[in-house]
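See below for the structure under consideration.
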Amino acid sequence: MKATELRIALFSGNYNYVRDGPTQALNRLVGYLLAQGAAVRVYAPTVANPAFAPTGDLVSAPSFALPGRSEYRVAMGLPGVLRRDLAAFAPNLVHVSAPDFLGHRAVTWARNHDLPVVASVHTRFETYLRYYGGAFLEPAAVAILRRFYRRCDAILPPSQSMVDLLREQRMNDDIGIWSRGVDRTIFTPAARDMAWRRDLGIGDTEFVIGFLGRLVLEKGLDVFASVIAELERRGVAHRVLVIGEGPARGWFASQVPTAVFGGFQEGSDLGRAVASMDVLFNPSVTETFGNVTLEAMACAVPVVAAIATGATSLIDDGVNGRLVDPSNIAGYADALQAYAQDRDLADDQGLAGESLSSAYGWDAINQKVVDKYLAVLARRGR
């Protein structure tokens with residue numbers, strides 16, 4: 001079988017109504033598949049005013065707003081209208097990207113029609129429970145995820161660290177890697193803009209600690225705030241630059257009152273914001289890859305991150321950044337203080353990160369997914 005013979009039904013809990021790392025990766029994948037001559041049809045919840053236009057054909061899945069997080073939608077399953085659309089499309093492989101109601105029903109539909117299923121892994125959903133008072137439910141969540149992923153023919157996390165975790169959790173026997181790429185025309189050291197920093201009230205000689213991502217608790221905002229408080233207690237001169245928006249913005253602003261909030265940025269504006277940081281601080285433990293870490297690396301910005309899935313596959317500790325135990329507030333502060341007080345160290349490790357980022361090109365990465373599709377179909381004798 002060739003790529004031109006692929007007919008992929010892709011199911012997602014969020015394809016374009018909120019912009020984040022997973023949605024951008026999925027849209028890039030669909031664009032690559034279409035360019036290779038494959039047929040793709042996407043099934044996902046939709047809203048009246050999405051964050052961006054979808055790549056390819058998007059079929060709306062009935063959904064409701066997630067209680068307490070209304071910006072997200074929950075698909076209600078696979079109703080008759082979607083089943084009829086699937087029958088007309090006649091896919092030869094199903095790709096699921098989220099273990100939600102829609103994803104579970106899609107896997108069941110595929111098995112009932114003797115079709116192979118490939119699942120991509122974008123988020124450590126079980127870790128979200130820690131931030132909303134449900135840490136005791138993590139073992140049950142892992143069991144539910146195991147049931148979901150073991151019904152698939154193969155799963156594709158984005159990093160070796162996630163492969164290792166999924167194997168430890170016995171999620172599947174066929175685990176490959178669908179990494180993430182970075183657009184080096186956007187994320188480049190040349191995008192650094194001191195005039196833009198000055199417009200935000202940041203002086204040229206001030207050391208900028210950046211945060212990049214959606215402002216939600218599961219991104220480690222509490223840890224970030226605690227570390228900044230520790231730096232202030234030590235008298236380490238710095239400025240905090242926050243790039244992103246989200247429901248926890250008000251809370252975060254109250255915890256880091258001296259921070260400069262640059263809001264949501266995209267495209268070349270986002271590249272400029274990242275390149276204008278002096279270090280990126282990413283304490284999240286929910287990432288499966290860490291797109292923001294790779295983007296900072298491409299901008300020659302060193303990264304201080306939690307020892308967690310994703311970051312450990314991108315950061316060589318002491319070479320292009322620092323890896324710190326997720327709960328070690330003093331350890332994070334030590335790493336950031338070292339960069340603040342030794343700009344040559346920050347520059348050297350930033351340049352090392354830029355060199356490492358050159359291996360992450362989108363076309364080569366997305367071809368790995370096509371290769372996995374074809375391998376799974378061949379194994380099924382199709």
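The values are calculated or read from the model by the stated rules, or taken from the named source; none is laboratory data. These numbers come from a predicted model, not from an experiment. Backbone-built Cβ (ideal geometry, glycine too); neighbour counts: all protein chains shown. Calculation scope for accessible area: heavy atoms of the full protein, side chains included, ligands and nucleic acids excluded. Shrake-Rupley method; radii C 1.70, N 1.55, O 1.52, S 1.80 Å.
Structure data summary
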{"quantity": "³J(HN,Hα), Karplus 6.51/-1.76/1.60, whole Hz, each residue of segment 232-247, x for Gly, Pro", "calculated": "5, 4, 7, x, 7, 5, 6, 10, 10, 10, 10, 10, x, 9, x, x"}
{"quantity": "Helical mean residue ellipticity (222 nm; -39500 (n - 2.57) per DSSP H run of 4+; nearest 500) of the chain", "calculated": "-12000 deg cm²/dmol"}
{"quantity": "Nearest-10 value in Å² for the accessible area of Ser70, using the 1.4 Å probe", "calculated": "90"}
{"quantity": "Candidates Arg214, Arg146, Arg233, ranked by Gaussian network fluctuation over the chain, Cα under 10 Å, top entry", "calculated": "Arg233"}
{"quantity": "Candidate residues Met76, Met194: accessible-area rank, largest first, probe 1.4 Å", "calculated": "Met76, Met194"}
{"quantity": "Degrees separating the helix 138-150 axis from the principal Cα axis of the chain, which is the longest one", "calculated": "40"}
{"quantity": "Rounded to the nearest 10 Å², the accessible area of His122 at probe 1.4 Å", "calculated": "20"}
{"quantity": "Nearest-0.05 FRET efficiency for Ser358 and Arg84, computed from C-beta distance (R0 56 Å)", "calculated": "0.75"}
{"quantity": "Whole-percent carbon and sulfur share, accessible surface of segment 299-366, 1.4 Å", "calculated": "48"}
{"quantity": "Exposure of Thr258 as accessible area (Å², to 10), given a probe of 1.4 Å and all protein chains", "calculated": "80"}
{"quantity": "J(HN,Hα) series, segment 193-207, from Karplus relation 6.51 cos²θ - 1.76 cosθ + 1.60, nearest Hz, glycine and proline x", "calculated": "9, 5, 5, 5, 4, 4, 4, 8, x, 9, x, 4, 8, 6, 8"}
{"quantity": "Relative contact order, percent, the chain [alpha-carbon distance under 8 Å, six or more residues apart]", "calculated": "15"}
{"quantity": "Separation of the Val142 and Tyr72 label points, Cα + 7 Å toward Cβ, nm", "calculated": "2.0"}
{"quantity": "Backbone HN-Hα couplings from phi across segment 210-217 [Karplus 6.51/-1.76/1.60, Hz, Gly and Pro as x]", "calculated": "x, 10, 9, x, 5, 8, 10, 4"}
{"quantity": "5 angstrom amide H check on His238, placed H, neighbours 5+ away", "calculated": "none"}
{"quantity": "Within the accessible area of segment 1-54 (1.4 Å probe), percent carbon and sulfur", "calculated": "47"}
{"quantity": "Accessible area per residue, Å², segment 36-119 with all protein chains present, probe 1.4 Å", "calculated": "43"}
{"quantity": "Solvent-accessible area per residue, Å², over segment 285-382 with all protein chains present [probe radius 1.4 Å]", "calculated": "39"}
{"quantity": "Separation between Cα centres of segment 239-290 and segment 166-208, rounded to whole Å", "calculated": "11"}
